[in-house]
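One structure is given here, and the rest of the page talks about it.
The values are calculated or read from the model by the stated rules, or taken from the named source; none is laboratory data. Small disclaimer: the values here were computed from a predicted structure and weren't measured. Neighbour counts are summed over all protein chains in view; Cβ atoms, including those assigned to glycine, are modelled from backbone coordinates with ideal geometry.
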Amino acid sequence: MKIYTGTGDNGETSLRGGQRVPKYHPQIEACGTIDELVAWIGLLKDLSSNQSLKDNMFIIQKRLMICAGDLARNRIDDKSDEMNVTDKDILLLENQIDEMDKELPPLHNFMIPENNINASYCNIARCVCRRAERKVVYLMSMEKINPLIPKFFNRLSDYLFVLSRYMCLVTD
């Protein structure tokens, strides 16, 4: 099977279900940004020597792929009400944030990402996460999507911020 099809050569792509849309369509923008975030988290996972963090990041990557899959649905023809991201996913992020935060000193001022490449990569991932969140919220203004998806991205950006601080403790 060839990886290239040529069907996107004129600036269109397919939603899940086959509907063709321009590559700048808000659903495609959101999914593309999520894809970028999955790649950044993969880099963070590869840089980490902490197996627990790696396992958590793998779970996050899978949840992000589920978010993208849900956002890529053709809502005109697909009337199912998929709710793949759940409160449990958000609670998982909150628990991970709380666990890392226990080991961190109190934060008294703004942080400038520097002096630790892993922490800097975390901050880049956090910025991409915030962009994905904005794309999802924009899409949400036009069509009905799972309201837990933007909440998941908001919490994930918090997770990535705390992870950047935590990386300064666990890597040198």
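What to note about this one:
- The single condition among (1) over 20 Å from ARG63 (Cα atoms); (2) surrounded by 14 or more Cβ atoms within 10 Å (Cβ to Cβ) that GLN96 does not meet is (1).
- Scanning segment 89-123 for residues that are modelled with pLDDT of 95 or more and of a type in the set (Val, Ile, Thr) yields ILE90, ILE97.
- Test: residue in segment 35-58 that is in contact with a strand residue (DSSP E or B) (Cβ under 8 Å, 6 or more places away or on another chain) and of a type in the set (Asp, Glu): no
- Matching residues, segment 1-31, being part of a loop (DSSP other than H, G, I, E, B), free of Cβ contacts under 8 Å to residues at least 40 places away in the same chain and not hydroxyl-bearing (Ser, Thr, Tyr): MET1, LYS2, ILE3, GLY6, GLY8, ASP9, ASN10, GLY11, LYS23, HIS25
- Of all the numbered requirements in (1) at pLDDT 95 or above; (2) surrounded by fewer than 22 Cβ atoms within 10 Å (Cβ to Cβ), LYS144 misses one, and that requirement is (1).
- Selection within segment 99-135 - under 16 Å from ASN154 (Cβ atoms) and either among the small types (Gly, Ala, Ser) or loosely packed, with under 12 Cβ neighbours inside 10 Å (or both): ALA125, ALA132
- Filter result for LEU169 (in a helix (DSSP H, G or I), among the aliphatic types (A, V, I, L, M) and either at pLDDT 90 or above or in contact with a His (Cβ under 6 Å, 6 or more places away or on another chain) (or both)): no
- When VAL21, VAL38 are checked against the criterion of being surrounded by 15 or more Cβ atoms within 10 Å (Cβ to Cβ) and in contact with an Asp or Glu (Cβ under 7 Å, 6 or more places away or on another chain), VAL21 stands alone in meeting it.
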